[in-house]
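Any read-out appearing in this document is the output of simple, stated calculations on the displayed coordinates, not a laboratory observation. Model, not experiment: these values are computed from the prediction. Positions of Cβ are generated from backbone atoms using ideal geometry, with glycine treated the same way; all protein chains shown enter the neighbour counts.
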Ligand code: SF4
Ligand code: SF4
């Protein structure tokens, strides 16, 4: 009897409590900053062209072979406006086959592809999730704006520069704390070498 009342109490509490589930698709919960959705192409707004140079590395490394691309000469390079000699002419990803592994982003040395927050691209067509370059760039621009995306190589350079700048100060502070010179090293003991 007591156990039945306890069970009823739990049921009543759940009945009057706040719902913990979301009524998808009418209610979309926000995703976390670190959420990894479908890959998109990034746009270099400084030059006015995609970062992608169609080097094909991501295409070769993609485990599901769901990407394709073609390359062309970059007209902006000839005009001296871009450092990219080659650029992407066409690019497509069949998101229906993408397993969101992030390898394409990992292997790209040009900051040209990134895992976005996009995860809702359902369609009734068999091949309806094949996304072409223009759409991938459009999605990329949206993601760059929304997330404040910056090129990972630029961020890494800044990190390395900050570390380098901090090194002499750290060495001096350590040497001062030890009461010696920052460049002084202990003399080798006899027969140590
Ligand atoms: S996204 Fe990166 S790795 Fe893939 S083709 Fe473009 S530049 Fe190469
Ligand atoms: S996330 Fe993985 S499966 Fe999807 S396109 Fe990139 S490499 Fe291919």
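List of remarks:
- Descending by average beta-carbon neighbour count within 10 Å, the peptides 50-56, 146-152, 96-102 line up as 50-56, 96-102, 146-152, the highest first.
- When the Gaussian network model of the chain links Cα atoms closer than 10 Å, the mean-square fluctuations of 61, 133, 121 top out at 121.
- Most mobile listed residue (139, 76, 155) in the chain, GNM with C-alpha springs under 10 Å: 155
- Peptides 79-92, 104-117, ordered by how many other C-beta atoms sit within 10 Å of their residues on average, highest first, read 104-117, 79-92.
- The three principal axes of the C-alpha atoms in region 35-96 carry coordinate ranges of 38, 24, 15 Å, sorted with the longest axis first.
- Only helical runs count toward this figure. For the chain, summing -39,500 (n - 2.57) over DSSP H runs of n ≥ 4 and dividing by all residues gives -11500 deg cm²/dmol at 222 nm.
- The simple spin-label model puts a point 7 Å past each Cα toward its Cβ; for residue 92 and residue 31 those points are separated by 2.4 nm.
- Within region 22-154, the ratio Rg/Rh, alpha carbon atoms throughout and Rh by Kirkwood, equals 0.98.
- Of the peptides 13-21, 32-40, the order by per-residue mean of other Cβ atoms within 10 Å, starting with the highest, comes out as 32-40, 13-21.
- Descending Cα extents along the principal axes, region 118-158, whole Å: 45, 17, 14
- Computed lengthening from residue 99 to residue 120, 0.36 nm per intervening residue step minus Cα-Cα distance: 6.2 nm
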